[in-house]
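Participant: Just passing along the structure, written as structure tokens.
The values are calculated or read from the model by the stated rules, or taken from the named source; none is laboratory data. Just so it is clear, the model here is predicted, and its values are computed rather than measured. Note: ideal-geometry Cβ built from the backbone for every residue, glycine included; neighbour counts use all protein chains shown.
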């Protein structure tokens with residue numbers, strides 16, 4: 001079995017401590033995948049976390065590959081899901097795939113976990129690795145998201161709409177960037193966008209805070225790279 005390499009990052013702590021605990025597939029995503037069935041097509045789950053979307057991708061005919069920066073997440077997938085799962089530790093700013101080699105990139109709740117400049121680097125990598133006609137499905141935190149307001153109150157704003165949040169419990173130095181619709185359309189202007197909507201997704205332990213109602217808003221983006 002391939003050795004799981006170590007990459008220093010705040011997410012390793014969140015995974016180990018159980019603060020990131022999402023293990024069931026997101027219903028919003030399952031609805032989108034119904035229209036994305038492919039046979040023997042390559043799909044990258046970018047920032048795959050605990051691997052909750054690998055099985056749904058496989059069920060739809062894709063050959064899924066999971067990439068995450070947390071070695072503990074990759075170990076969990078190999079131990080709890082399947083020892084032969086195609087998962088790797090990696091940096092989403094430098095994808096280890098050839099140009100135009102992927103049929104689908106799933107960037108579900110992942111590419112915004114860095115500065116805006118780094119987010120753009122990750123988006124460029126998605127563009128590079130997607131085949132013409134390939135599809136992107138992404139979920140990106142909105143400026144109406146719970147953590148945006150927590151960042152405004154308690155975080156350090158390192159650039160516009162980007163915060164380092166440390167709540168002394170779960171989020172120890174994690175970077176979050178938040179987007180509005182105009183920014184989303186600009187960042188993904190290279191795509192033919194077929195679906196764009198702001199939706200509430202499942203909460204994690206660190207978004208269920210201060211007695212607030214859920215405002216875990218994300219921009220859901222579905223688009224195709226022009227042929």
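Participant: So, of the residues in the range 38-66 that are closer than 18 Å to residue 131 by Cβ, touching a helix residue (DSSP H, G or I) at 6+ places or on another chain (Cβ under 9 Å) and outside any strand (DSSP E or B), which turns out to be modelled with the lowest pLDDT?
Facilitator: My answer is 60.
Participant: Looking at the range 86-109 only, could you name the residues that are outside any strand (DSSP E or B), in contact with a helix residue (DSSP H, G or I) (Cβ under 8 Å, 6 or more places away or on another chain) and within 19 Å of residue 69 (Cα to Cα)?
Facilitator: Those that are outside any strand (DSSP E or B), in contact with a helix residue (DSSP H, G or I) (Cβ under 8 Å, 6 or more places away or on another chain) and within 19 Å of residue 69 (Cα to Cα): 92, 93, 94, 95, 97.
Participant: Given the criteria at pLDDT below 95, in contact with a strand residue (DSSP E or B) (Cβ under 9 Å, 6 or more places away or on another chain) and more than 30 Å from residue 161 (Cα to Cα), does residue 85 qualify?
Facilitator: Taking the combined requirement at face value, the residue satisfies it.
Participant: In the range 125-145, which residues are over 17 Å from the mean Cα position of the chain (by Cα) and not in a loop (DSSP other than H, G, I, E, B)?
Facilitator: 128, 131, 132, 133, 134
Participant: Please enumerate the residues belonging to the range 146-171 that are surrounded by fewer than 16 Cβ atoms within 10 Å (Cβ to Cβ) and part of a strand (DSSP E or B).
Facilitator: If the condition is that a residue be surrounded by fewer than 16 Cβ atoms within 10 Å (Cβ to Cβ) and part of a strand (DSSP E or B), then 156, 157, 158, 159, 166 are the ones that fit.
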